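The values are calculated or read from the model by the stated rules, or taken from the named source; none is laboratory data. For clarity, every value in this text was computed on a predicted model and none was experimentally measured. Cβ placement follows ideal geometry from the backbone for every residue including glycine, while neighbour counts extend to all protein chains displayed.
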Amino acid sequence: MPSSATSRRNCTRTSTVPPANKPMLLEEYGTLFGGPGEVQSKDERNRLIYARAFEDMRVEGIENGQQELEAGHFAKAESCFELMSQISDDAWPFLLLAETHAASGDSRRAMRALADAVRHGLKNAETLASDPRLQVLKSDPAFQKLLTDLKQP
């Protein structure tokens, strides 16, 4: 097992920060660890660190899925979005699942994922109507009903 010094060295070696982003990072981490005169409990610092790490992993999972979807690797994209939908209460992974299923020709599963996206907070019918990946669903009566339902107050 590597020492903590080795781990820190590997971490800093792989995470280079462009000079333009350094002030933003310093401000963000200054807030995270407490600025001059601020004292945060160790538990609060740890909670913030874990929350930040979790969010970074969630975003990376979404981005990996989007790359797989762009490459036409639907099963891999589905795996990424499915996992992200299980760890997040956000509509986005469900919308991306719907796009993946629509792109792979599975309109039934695409509609199920869209219904999940709506249950998790998607409210804008125009978002769905203008989504290029969902255009294959435009003639589907279930898709039209979903759009109509979203437009109603």
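Which one is surrounded by the most Cβ atoms within 10 Å (Cβ to Cβ), of the residues in region 68-102 that are of a type in the set (A, V, I, L, M) and closer than 23 Å to PRO141 by Cβ?
Our first condition is that a residue be of a type in the set (A, V, I, L, M); within region 68-102, this holds for 69, 71, 75, 77, 83-84, 87, 91, 95-98, 102.
Those still in the list that are closer than 23 Å to PRO141 by Cβ too: 91, 95, 97-98, 102.
Numbers: ALA91: 20, LEU95: 24, LEU97: 26, ALA98: 29, ALA102: 23.
Only one residue tops the list, namely ALA98.
Listed here are the residues, each with its yes/no results for (1) in contact with a Phe, Trp or Tyr (Cβ under 6 Å, 6 or more places away or on another chain); (2) surrounded by fewer than 16 Cβ atoms within 10 Å (Cβ to Cβ).
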site	(1), (2)
SER104	yes, no
ALA110	no, no
LEU114	no, no
VAL118	no, no
SER130	no, yes
PHE143	no, no
LYS151	no, yes
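If you check ASN64, ASN21, ASN46, ASN10, which single one turns out to be out of contact with any helix residue (DSSP H, G or I) (no Cβ under 9 Å at 6 or more places or on another chain) and modelled with pLDDT of 85 or more?
On the way: ASN64 fails: out of contact with any helix residue (DSSP H, G or I) (no Cβ under 9 Å at 6 or more places or on another chain); ASN21 fails: modelled with pLDDT of 85 or more; ASN10 fails: modelled with pLDDT of 85 or more.
Result of the check over ASN64, ASN21, ASN46, ASN10: ASN46.
Quick check on my filter: what residues within region 96-131 are part of a helix (DSSP H, G or I), more than 16 Å from GLN144 (Cβ to Cβ) and of a type in the set (Ser, Thr, Tyr)?
Correct list: THR100 only.
Go over the candidates ASP116, ASP89 one by one and state the one that is among the charged types (D, E, K, R), within 18 Å of the chain's Cα centre (by Cα) and at pLDDT below 95.
Details: ASP116 fails: at pLDDT below 95.
Every option except ASP89 fails the conditions.
Are any of the residues in region 84-95 of a type in the set (Gly, Ala, Ser), at negative phi and in a loop (DSSP other than H, G, I, E, B)?
Kept after step one, since they are of a type in the set (Gly, Ala, Ser), are these residues of region 84-95: 85, 88, 91.
Checking which are at negative phi leaves us with 85, 88, 91.
Retained after the next criterion (residues that are in a loop (DSSP other than H, G, I, E, B)): 88, 91.
Among the residues of region 84-95, at least one is of a type in the set (Gly, Ala, Ser), at negative phi and in a loop (DSSP other than H, G, I, E, B), which makes the answer yes.
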